[in-house]
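Heads up, the thing below is written out as structure tokens.
The values are calculated or read from the model by the stated rules, or taken from the named source; none is laboratory data. Everything numeric in this text was worked out from a predicted model, so none of it was measured. With ideal geometry, Cβ positions are generated from the backbone for all residues, glycine too; neighbour counts draw on all protein chains shown.
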Amino acid sequence: MGNKKLQVWLPLIFSLVLIIGMFLGFNLNNHSGSGRSLFSKNSRSTLQEALDLIKMRYVDSVQIDSLEGSAIQEMMNELDPHSVYLPPVDLQEANEDLAGNFDGIGVEFNIFSDTVNVVYVFPDGPSDKAGLLIGDKIIKVNDSSLTRKGFSTNGIKALIRGPKGSKALLQVIRAGKQQTFTVTRGKIPVPSVDASYMIDKTTGYIKLSKFTETSYEEFMQSLEKLQQQGLQNLVFDLRGNGGGFMNEAVEMADEFLDGDKLIVYTEGVNSKKREYRCKRPGLFEKGKLVLLVDELSASASEVLAGALQDWCRATIIGRRTFGKGLVQEQYELRDGSAMRLTVARYYTPLGRSIQRSYEKGKKVYMDELWERFSSGELVSADSIKLFNGKRFMTSCSDTLYGGGGITPSVFIPIDTSVSQQKANRLTFAANINNFVYNYYLQNKLQVDKYNATTDFIAGFNNTENMWNELVKFTANDSANFNSVGGKEKELIQQRLKALLARYKWRNPGFYQVLNSNDAMVKKALETIAK
């Protein structure tokens, strides 16, 4: 009898227990109390209270999203220089930059005389399949005209790019006639390996511009191709490489180091120590290796350079690197924005922290490169004496330094000669890109007769004619090439030739021409020859 009564009341008891549990849970998460729960009163911050008051009581209407973004940005400014807030409008471009691809029509363009000119068409890409050519002028995308003045590069990108599979109706001027092309947008790769070629019969060269999601795969493809061509020594160029994904640098280091050697480790107050070690036989564990670095080589570049330097695997040539030894993780926020928050520091195998001090604030930190130049560090062979970081000793008896970037074994100063500075100023002041583009279109048959960049370097001797054409083309510019001669003229002609090569062989051709007279590359070859 008692059991029957229990069976009748049991469902009711369960229901009461469930209701009481829900009630208590609601109170613990939402009601004020005396600190009994993490989700009590303290979960609603002063910042949120302030935003709510502004939203409910402020005299005028305000954009709360904009206020929140500004507040977050101010918080980021109080942290380290590399913790950043990315509003929704900037996030997509920032992600695309590291993704190694984007959705678009597959062209590179430049704006000359307020007109969008196609300067490159990706082979087998959407525009190539649709029939677009270098030299085409895009005047309209769907219903949007591109002919009005003041159209920004980002604005044009926004019109040209779009989801994979979508259509872009382009109106184009070619040889003075208007034509219409329908392009089906697709996935467009953005290579991070800018150049890969054999300098001589046994020495290869790879230029890496950044560490994206596809960098290791691109690097391996380049390395394997060079090995098939007889690679025994490698010049790996990381100049100007500001970093990216650290894991890509770790994977590359594994190809150069043997055993289970430590490559890098990370650690932070809220992040436990994590070691990254070699885990497989590498593709280039033997053979001479030279890394080229400069003051703009940072982050993942320094992870790779630091590991190879600590293990005496590579000779580092160039100038002391940027000094970014902080690890960021990206956290998406509910409004489509994101925070890239520093969560740890990284350390080389010997325990060196590469991070420069930022105690004096973000502005001083970012301006330090100019200070390094002004102090003579980037131009003086005695730059190591200017840097008093903590000392470390390698197994090959090299003295290394921590706390401020990677100090190279062989120092190559910035060329501050009058000739170099004047050549740089003229190159960037004048409308040289526009000139080379027009020169290529007018002399395409002459350039196209060369099958390889090496043939072009040796055989293209029309630089004097090209120079005379440049003088005419820029006659009304502020830059006066008519009075330029000697060393300045030689330097500018070299760059003109490299820019011209780029139209046929892209970045590999550009760097191959420039490197034929590059001080760091020459020193790398001398080092390998010893």
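Taking residue 327 as meeting all but one of (1) touching a helix residue (DSSP H, G or I) at 6+ places or on another chain (Cβ under 7 Å); (2) over 19 Å from residue 81 (Cβ atoms), write down the number of the exception.
Exception for residue 327: condition (2).
Go through region 176-210 and report how many residues are part of a strand (DSSP E or B), under 27 Å from residue 286 (Cβ atoms) and over 14 Å from the mean Cα position of the chain (by Cα).
Here the count works out to 8.
Would a scan of region 120-127 turn up a residue that is in contact (Cβ under 8 Å) with a residue 24 or more places away in the chain and of a type in the set (D, E, K, R)?
No, there is no match, as no residue in region 120-127 is in contact (Cβ under 8 Å) with a residue 24 or more places away in the chain and of a type in the set (D, E, K, R).
Answer with yes or no whether residue 323 is outside any helix (DSSP H, G or I), assigned by TED's automatic domain parsing to the domain that holds residue 371 and surrounded by 23 or more Cβ atoms within 10 Å (Cβ to Cβ).
Spelling it out, residue 323 is indeed outside any helix (DSSP H, G or I), assigned by TED's automatic domain parsing to the domain that holds residue 371 and surrounded by 23 or more Cβ atoms within 10 Å (Cβ to Cβ).
Being within 19 Å of the chain's Cα centre (by Cα) and either crowded, with 24+ Cβ neighbours inside 10 Å or not assigned by TED's automatic domain parsing to the domain that holds residue 206 (or both): is that true of residue 338 here?
no
Just checking: which of the strands (runs of 3 or more DSSP E) contained wholly in region 240-297 hold 2 or more residues that are under 24 Å from the mean Cα position of the chain (by Cα) and farther than 19 Å from residue 345 by Cα?
289-293
Just to be sure before I move on: is residue 480 polar (S, T, N, Q) and touching a residue at least 40 places away in the same chain (Cβ under 8 Å) in the structure I sent?
The answer is no for residue 480.
How about region 386-437: which of its residues are of a type in the set (Val, Ile, Thr), in contact (Cβ under 8 Å) with a residue 60 or more places away in the chain and over 30 Å from residue 480 (Cβ atoms)?
The answer is 394, 406, 407, 410, 412.
For region 45-72, what are the residues that are part of a helix (DSSP H, G or I), without any contact (Cβ under 8 Å) to a residue 24 or more places away in the chain and hydrophobic (A, V, I, L, M, F, W, C)?
Result: 50, 51, 53, 54, 56, 64, 67.
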